[in-house]
Amino acid sequence: MKTRAVVAAVLLLLVTLVSCRSSVVEESTTVNPSEEELITVGFSQLGAESDWRSTNTESMLTALSAENGYNLIYKNGQQKQSNQITAIRMFIQQEVDYIVLAPATETGWDTVLEEAKEAGIPVILVDRRVDVENDNLYTCWVGSDFELEGQKMATWIYDYTCMIGMAPEDVHIVNIQGSLGSTAQIGRSKGLSDAVRIYGWDLLDEVCGDFTETKGREGMAQLLQEYDHINVVYCENDNEAIGAIDAIEAAGKTVGSDIKNGEIMVVSFDGINIKALEYAKIGKISCIAECNPLHGPRVQALIEAIEAGETPDKFNYVSETLFSSVSGITSIEVEGKSYSITPVT
Ligand code: GYE
């Protein structure tokens, strides 16, 4: 009897120990990290105007997910700087750990960024930049070199028109610009206007297409009514280019790179929209300068570096290519650096 009782007691103890252990193990694997363990980030996105923007938003939401240790508060500014300022003030009130800002325009940020600085919240800029008195109002920036994108595109146009033997004064360009005052517009427009000055092209007009298909279509329709000798259309993003192509075709004209024989050549930026890449493949868009929107993991890496006590570089550039299916140009050179053209297949 005694022995049996001892055996039973030992068994009970073992069962209890095992079940305790397993409940501890289960707890540690199933319990979600508490809110305090997550890094809280307030992300003010400027809007949802283009395919580039939606891909960028998706990349940010995926990288700054709860799974990756983030509590993300996402606000869409609907293209209005005032909405973005309100969002930043809300993030400050919520005492977030970081503010990530994709600013609609460059100017007008000093006051609200001062407020973030006073609250001790680091600000990371993504995509576009801000033009502020004091650069210390933000920690760092990650995005594209928009002026270089413009220079690359202008060089491609130059090399192409030289290759087909066109005189610079016979190159009649219109520019469908992006949202005025945004870094992407400023850089891409400068890339073109500098080239116009250097090469002596005929820049007929510039209209604002706001980075949207609708405005690209309207802008192009208006330009076609005013000018009958446009042969190059410089669209500051793919969505505008798709709209512009619609307008050109609706006016009974043909898009393509055979500008010596009356075609209208369309070039653009981004390379993320499926339809635009398809157009590049069949030659409706002659060249696309890539603009990479996948900044989520880049912002995540910057936050991790700051968390680890490091000081990231102030300006972090993404390297980019050009897409074209026009034969004859395999690379271009800008300021002594060569960039190869990626064929679209
Ligand atoms: O090219 C355009 C978007 O700022 C790089 O904004 C971005 C630009 C992009 O709407 O499609």
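Could you please let me know if Asp131 is closer than 21 Å to Gly47 by Cβ, of a type in the set (D, E, K, R) and in contact with an Asp or Glu (Cβ under 7 Å, 6 or more places away or on another chain)? Judged against the criteria, Asp131 is a match.
For the structure I just gave you, tell me whether Tyr138 is hydroxyl-bearing (Ser, Thr, Tyr), under 24 Å from Glu310 (Cα atoms) and surrounded by fewer than 23 Cβ atoms within 10 Å (Cβ to Cβ). Reasoning before the result, please.
Working: hydroxyl-bearing (Ser, Thr, Tyr): yes; under 24 Å from Glu310 (Cα atoms): yes; surrounded by fewer than 23 Cβ atoms within 10 Å (Cβ to Cβ): yes.
Taking the combined requirement at face value, the residue satisfies it.
Restricting attention to segment 192-249, the residues that are surrounded by 24 or more Cβ atoms within 10 Å (Cβ to Cβ) and among the small types (Gly, Ala, Ser) total 5. The lone criterion from (1) in contact (Cβ under 8 Å) with a residue 24 or more places away in the chain; (2) part of a helix (DSSP H, G or I); (3) not assigned by TED's automatic domain parsing to the domain that holds Tyr98 left unmet by Leu302 is number (3).
So which residues in segment 17-56 are hydroxyl-bearing (Ser, Thr, Tyr) and modelled with pLDDT of 95 or more?
Residues of segment 17-56 hydroxyl-bearing (Ser, Thr, Tyr): 19, 22-23, 28-30, 34, 40, 44, 50, 54-55.
Listed by number, the residues that qualify are Thr40, Ser44, Ser50, Ser54, Thr55.
What's the total number of residues in segment 46-59 that are touching a Gly at 6+ places or on another chain (Cβ under 7 Å) and either assigned to a loop (DSSP other than H, G, I, E, B) or more than 11 Å from the ligand (Cβ to nearest atom) (or both)? Steps first, please.
Initially, segment 46-59 is screened for residues touching a Gly at 6+ places or on another chain (Cβ under 7 Å), giving 46-47, 53, 59.
Subset that is either assigned to a loop (DSSP other than H, G, I, E, B) or more than 11 Å from the ligand (Cβ to nearest atom) (or both): 46-47, 59.
Within segment 46-59, residues that are touching a Gly at 6+ places or on another chain (Cβ under 7 Å) and either assigned to a loop (DSSP other than H, G, I, E, B) or more than 11 Å from the ligand (Cβ to nearest atom) (or both) number 3.
Out of all the residues in segment 324-339, is one or more hydrophobic (A, V, I, L, M, F, W, C), more than 17 Å from the chain's Cα centre (by Cα) and in the same structural domain as Ile121 (by TED's automatic domain parsing)? Checked against the condition, which is being hydrophobic (A, V, I, L, M, F, W, C), more than 17 Å from the chain's Cα centre (by Cα) and in the same structural domain as Ile121 (by TED's automatic domain parsing), segment 324-339 yields no hits at all. Selection of segment 284-305 for residues being among the hydrophobic types (A, V, I, L, M, F, W, C) and either surrounded by 18 or more Cβ atoms within 10 Å (Cβ to Cβ) or within 14 Å of the ligand (Cβ to nearest atom) (or both) yields Ile285, Cys287, Ile288, Ala289, Cys291, Leu294, Val299, Leu302, Ile303. If you check Val130 against the conditions, is it within 16 Å of the ligand (Cβ to nearest atom), in a strand (DSSP E or B), under 23 Å from Asp97 (Cα atoms) and within 24 Å of the chain's Cα centre (by Cα)? Criteria not met by Val130. Residues that are more than 20 Å from Val344 (Cα to Cα) and surrounded by fewer than 16 Cβ atoms within 10 Å (Cβ to Cβ) were ranked within segment 254-283; the one that is nearest to the ligand (Cβ to nearest atom) is Thr254. Scanning segment 60-88 for residues that are part of a helix (DSSP H, G or I) and buried (at least 16 other Cβ atoms within 10 Å of the Cβ) turns up Met60, Ala63, Gln81, Asn83, Gln84, Ile85, Ala87, Ile88.
Using the structure shown, decide if Asp159 is at pLDDT 95 or above and within 16 Å of the ligand (Cβ to nearest atom). No.
The values are calculated or read from the model by the stated rules, or taken from the named source; none is laboratory data. As the structure is a prediction and not an experimental result, all values here were calculated from the model. Heads up, the Cβs are rebuilt from the backbone with ideal geometry, glycines too, and the neighbour counts pull from every protein chain shown.
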